[in-house]
Amino acid sequence: MDVRETINDILVNLFKEIWKLEEDAIITEEFKDITNNDMHIIEAVGLSGENTMSVVAKKLGITAGSLTTAVNGLVNKKYVVRQRSDKDRRVVFLKLTDKGVRAYEHHREYHQQMTEAVIAKLDENEIPVLVKTLNGLSDFFRGYKK
């Protein structure tokens, strides 16, 4: 296999593995009633309580309608609450409940462990190369949307 085929094979399999392993790691007994997608919505809502539906939809790259459907489920499962703005009743903020905060922290911990596992295998000189490589990959995906 040449270097391009090897890199392609690694990337394709890595994305699949990360998605499956993340799902296995973060959907525990406590959070068995949500999906990996739900967990990423919880992550996008964040801890500030100041994100609106449109801000969260934009972060996730989905429509407001798609987000509404998902948020309805998370509200019913007690992970998220909607709060109308006192200044403009048309504006709806999303806020995590205590259960939502626990899910958020659980997901964040998984990502920290994943990051630390990668960094632990590198020496100090290799870290900037990895960052440059990942930034290049990120630039490709962001540019590909356009």
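Summary table below
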{"read-out": "Segment 73-103, subset within 19 Å of the chain's Cα centre (by Cα) and among the hydroxyl-bearing types (Ser, Thr, Tyr), residue nearest to Ile41 (Cα to Cα)", "value": "Tyr79"}
{"read-out": "Test for Lys99: is it among the basic types (Lys, Arg), crowded, with 16+ Cβ neighbours inside 10 Å and touching a residue at least 24 places away in the same chain (Cβ under 8 Å)", "value": "no"}
{"read-out": "Complete set of residues in segment 1-42 that are touching a residue at least 60 places away in the same chain (Cβ under 8 Å) and farther than 25 Å from Thr133 by Cα", "value": "Ala25, Ile26, Thr28, Glu30, Phe31, Ile34, Met39, Ile42"}
{"read-out": "Test: residue in segment 113-128 that is under 30 Å from Glu29 (Cβ atoms) and touching a Phe, Trp or Tyr at 6+ places or on another chain (Cβ under 8 Å)", "value": "no"}
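Quick note: the coordinates plus some simple rules give every number you see, no bench work behind them. Since the model is a prediction, treat every value here as computed from it, not as a measurement. Cβ coordinates were reconstructed from backbone atoms using ideal geometry, including for glycine residues, and neighbour counts include every protein chain displayed.
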